[in-house]
Amino acid sequence: MFISFEGIDGSGKSTQARRLAQALNARGTETLLTREPGGSAGAEEIRRLLVEGGGERWSPETELLLFTAARRDHVERLIRPALERGAWIVTDRFADSSRVYQGLARADLRQLVEELHRLTIGIEPDRTFIIDIDPAVALARGQARGGAEDRFETLGLGFQQKLRAGFLALAAEAPGRIRVIDGRGSEDEVAARVLAALT
Ligand code: ADP
Ligand code: TYD
């Protein structure tokens, strides 16, 4: 199975992706934990161009091309080979992030996102968990974490609110694939919701 976690910055999705991968490995299912942008050597190099620097460093179109290039490398080098040998993938973000960030919140590029996806990526996760949380709570969690990878967080609370609405709208578009998980409460509580939604 190919599983992705999505949500706004600081929603707790990296924490939950890690926990789910650990739980799956513990029950004997070989599971690779990976992330976007990144996940393969080339994509990790592209990642630095994307997550560091000022909020307006790239135009939305250039940004989308860079994210898509990173995703293509990630799929070619890591995701596809792993799925082909029967391993499971848990990824912290995938194409839904482009649909919402570049397709909706940064600019109105949804059509371009879908066309590039169809032409160059072509696969969708079997299951996607959106960790849903109030942007004010998420922003506080993200800022507590610190570090240099804050280019999107510097775009502010209004931007995060737009993202949240975008993720929820996407879930309504693809109810067969996407499950919305309440991100409030402790890490354990959220992890239990994810496991319940997987089985
Ligand atoms: P994301 O990947 O969505 O940005 P993270 O999983 O990195 O989110 O979490 C952001 C911060 O919030 C981290 O410092 C993490 O330890 C903390 N965190 C994650 N889940 C919870 C939770 N349920 N309650 C409180 N803090 C949390
Ligand atoms: P990430 O490291 O997951 O950030 P965070 O832990 O703060 O959620 O991702 C880096 C940023 O890149 C994040 O703000 C979301 C953004 N992003 C896009 O804009 N488009 C994409 O296609 C992807 C994968 C990420």
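Residue by residue through the stretch 192-198, what is 3J(HN,Hα) from phi via Karplus (6.51 cos²θ - 1.76 cosθ + 1.60, θ = phi - 60°)? Round to whole Hz and write x for glycine and proline.
Once rounded to whole Hz, the list reads 5, 5, 5, 4, 5, 6, 7.
Would you be so kind as to identify which of Leu32, His117, Thr68 lies farthest towards the positive end of the dipole of the chain, taking Lys and Arg as +1 and Asp and Glu as -1 on Cβ and the Cα centre as origin?
Sorting the options by dipole projection puts first Leu32.
Along the charge dipole of the chain, which of Ala43, Phe5, Leu195 sits closest to the positive end, that is, farthest toward it, with unit charges on the beta carbon of Lys, Arg, Asp and Glu (+1, +1, -1, -1)?
Leu195
Give, rounded to the nearest 20 debye, the magnitude of the charge dipole that the stretch 2-198 has about its Cα centre when Lys and Arg contribute +1 at Cβ and Asp and Glu contribute -1 at Cβ. Working shown, then result.
On the way: 28 positive and 30 negative charges, 63 e Å.
In total the dipole reaches around 300 debye.
For a quick protection proxy, order the peptides 167-177, 31-41 by their average other-Cβ count within 10 Å, most packed first. Write down the numbers at each step before the final one.
Working: 167-177: 13.8, 31-41: 20.7.
Taking the mean over residues of other Cβ atoms within 10 Å, the ranking is 31-41, 167-177.
Report relative contact order for the chain in percent, whole number only (criteria: Cα-Cα under 8 Å, sequence separation at least 6).
Details: 310 pairs, mean separation 65.6, N = 199.
Across the chain, relative contact order equals 33 percent.
Can you give the calculated 222 nm mean residue ellipticity of the chain, where each DSSP H run of n ≥ 4 adds -39,500 (n - 2.57) and the sum is split over every residue, rounded to the nearest 500 deg cm²/dmol? Walk me through the intermediate numbers first.
Working: 8 runs with 96 residues, N = 199.
Per the formula, -15000 deg cm²/dmol.
Can you list which of the GluC sites (Glu not before Pro) found in the stretch 31-99 are DSSP loop residues with at most 11 other C-beta atoms within 10 Å?
Working: sites: Glu44, Glu45, Glu52, Glu56, Glu61, Glu63, Glu76, Glu84; in loops: Glu52, Glu56.
Answer in residue order: Glu56.
Can you pull the accessible area of Arg47 for me, 1.4 Å probe, Å² to the nearest 10?
30
Using the heavy atoms of the protein chains alone and a 1.4 angstrom probe, what is the accessible area of the stretch 1-58 per residue in square angstrom?
Per residue, the stretch 1-58 has 42 Å² of solvent-accessible surface.
Using only alpha-carbon positions, what ratio does the radius of gyration of the stretch 2-198 give when scaled by 2.2 N^0.38 Å? Walk me through the intermediate numbers first.
Values: Rg = 15.7 Å, N = 197, 2.2 N^0.38 = 16.4 Å.
With N residues counted in the stretch 2-198, Rg over 2.2 N^0.38 Å equals 0.96.
At a 1.4 Å probe, what is the % contribution of carbon and sulfur to the accessible area of the stretch 1-95?
Numbers: 2020 of 4000 Å².
Percent of accessible area from carbon and sulfur atoms in the stretch 1-95: 51.
Can you work out ³J(HN,Hα) from phi for every residue in the stretch 50-67, in order, using Karplus 6.51 cos²θ - 1.76 cosθ + 1.60 and θ = phi - 60°, giving whole Hz and x for Gly and Pro?
Taking θ as phi minus 60°, the curve returns 8, 9, 10, x, x, x, 9, 4, 10, 6, x, 5, 4, 4, 4, 5, 5, 4 Hz for the stretch 50-67.
The values are calculated or read from the model by the stated rules, or taken from the named source; none is laboratory data. Just so you know, these numbers come straight off a predicted model, no measurement behind them. Note that each Cβ is placed from the backbone with ideal geometry, even for glycine, and that neighbours are counted across all protein chains shown. In case anyone asks, the SASA skips ligands and DNA or RNA and just uses the protein heavy atoms, side chains included. Shrake-Rupley method; radii C 1.70, N 1.55, O 1.52, S 1.80 Å.
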